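All remarks here apply to the structure that follows.
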Amino acid sequence: MKEELLTSEETIEIIIDLLKNNKKNIKTNINKLIKNLSQTDKSLSKKIKDAYINKYENSSFLRSVNENIDRPVSGENLNLIKEEDLNFDNNEFIFQKNVDLLIENTYKEHKQKEKLLEYGLEPTKSILFHGAPGVGKTMTAKIIAKKNNLPLYILDLSTIMNSYLGKTGENIRKVFDFTMQKECVFLIDELDAIAKQRSDESEVGELKRLVTVLLQSIDNWPSTSILIAATNHPELLDRAVWRRFDHVLEFDLPDIKEIELIVSQKLKNISATELVLNTFNKSCIGLSHGLIKKELNKVLKDMIINKKNIDICLLENLSIRNKIIDRNERIIIADFFYKKKLLSQRKLSELLEISRDSIRRFNN
């Protein structure tokens, strides 16, 4: 038994991690060792487990080690990562069911990671997000970090990319050396900038080597943390990148039900007319979550600063975007505003791109 223990893969990995001062990976490997020992020597397994809990779970050991790790900087002494502020209200954000489910499952897995390790399983440790800009990829990473009570580090591409051959790969290694020693969520935004297809003949050898460095780093990522990568251009990614992640999640543009939730949440306590609100919601189809919120911010600013009616502000906003729906609905909207004496026929004709004669005929 003693000979098996001394030559076991788990023990060797723990010794290597101790020699490398890679204390974070020790947690994963000790759990594997405890599980294997429980099948052959329960007394020794319990002994190691008790010592492990006393040293790691009930102390600030890892935390104190992590706090002393210097943040990675480039050769020009520029920070290679940014720590994101997580002081926000989770309830302000509306996501599709598949996104909510991923957030919740990731949380549950990491909450019970020791139990998973007992069965030789690991919690989700790497996720790839792809979708249009403004659909909530970065915000989802923030919520995962906050829900799991972990710091969020974001790769700073402006300092990572270096014109000197070899420097970009060196910067990537520095960043992974740092984040792999921390319990954290690490977000690589715009992954396509550093993980382009290696078959792309327009790319120099340095960028191809960079992909290899990145793939190796993803493979070695510890299960005590969560690596998230995001891209707006999935078609540019190297094919080998896709299979490296535990989960791949596509973010879609919001459907009409999600749009209604976003708008109602943003305009809470403000009474807009249902007809106008429904027209505005329809006009937002095809926009991302972020763009819808930007348009609503414009509406609210217009209403507050210029002391205008909310219905007029909504109408003017969707008219400017040229997203008004079919002609019959435009005439119905014009009739509503004219009868309420909110806007003149001339102004309605301008905004809705219908003739004043059409408005008059509808009113007769």
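Since every read-out is calculated from the coordinates, none of them should be taken as a lab result. Keep in mind it's a predicted model, so treat the numbers as computed, not measured. Please note: Cβ atoms are built from the backbone with ideal geometry, for glycine as well, and neighbour counts cover all protein chains shown.
Remark: for residue pairs Lys82/Lys146; Lys125/Lys146; Lys298/Lys341; Lys282/Lys308; Lys146/Lys298; Lys142/Lys301, the C-alpha separation exceeds 18 Å in Lys298/Lys341; Lys282/Lys308; Lys146/Lys298; Lys142/Lys301.
Note on Glu329 and Lys308: their simple-model spin labels are 2.1 nm apart, each label 7 Å out from Cα toward Cβ.
Can you work out the FRET efficiency for the pair Asn105 and Asn297, with r the C-beta to C-beta distance and R0 = 45 Å, to the nearest 0.05?
On the way: r = 32 Å, r/R0 = 0.72.
Efficiency at R0 = 45 Å is approximately 0.90.
Please report, to two decimal places, log10 I(q)/I(0) for the range 241-290 at q = 0.13, 0.24, 0.25 Å⁻¹ as given by the Debye formula with identical point scatterers on the Cα atoms and no solvent. Rounded to two decimals, the profile gives -0.42, -0.89, -0.94.
Modelled spin labels at Ile48 and Lys208, positioned 7 Å past Cα toward Cβ, are 4.3 nm from each other. The label point for Lys347 and the one for Lys82, both projected 7 Å from the Cα toward the Cβ, are 4.1 nm apart. Loop-located trypsin sites (Lys or Arg not before Pro) in the range 293-322 (DSSP state not H, G, I, E or B) with no more than 10 neighbouring Cβ atoms inside 10 Å: Lys307.
Per-peptide packing, taken as the mean over residues of other Cβ atoms within 10 Å, places 142-149, 183-190, 245-252 in the sequence 183-190, 142-149, 245-252 from highest down. For the range 80-106, backbone nitrogen atoms closer than 13 Å to the point 7 Å from Asp177 Cα along Cα-to-C-beta are found at no residue.
Give, to the nearest whole percent, the P(r) tail of the range 72-145 beyond 17 angstrom, counting all Cα pairs. Don't jump to the answer; show the numbers that get you there.
On the way: 1586 of 2701 pairs.
Roughly 59 percent, once rounded to a whole number.
In terms of packing, defined here as the mean over residues of other Cβ atoms within 10 angstrom, the peptides 349-359, 77-87 line up highest first as 349-359, 77-87.
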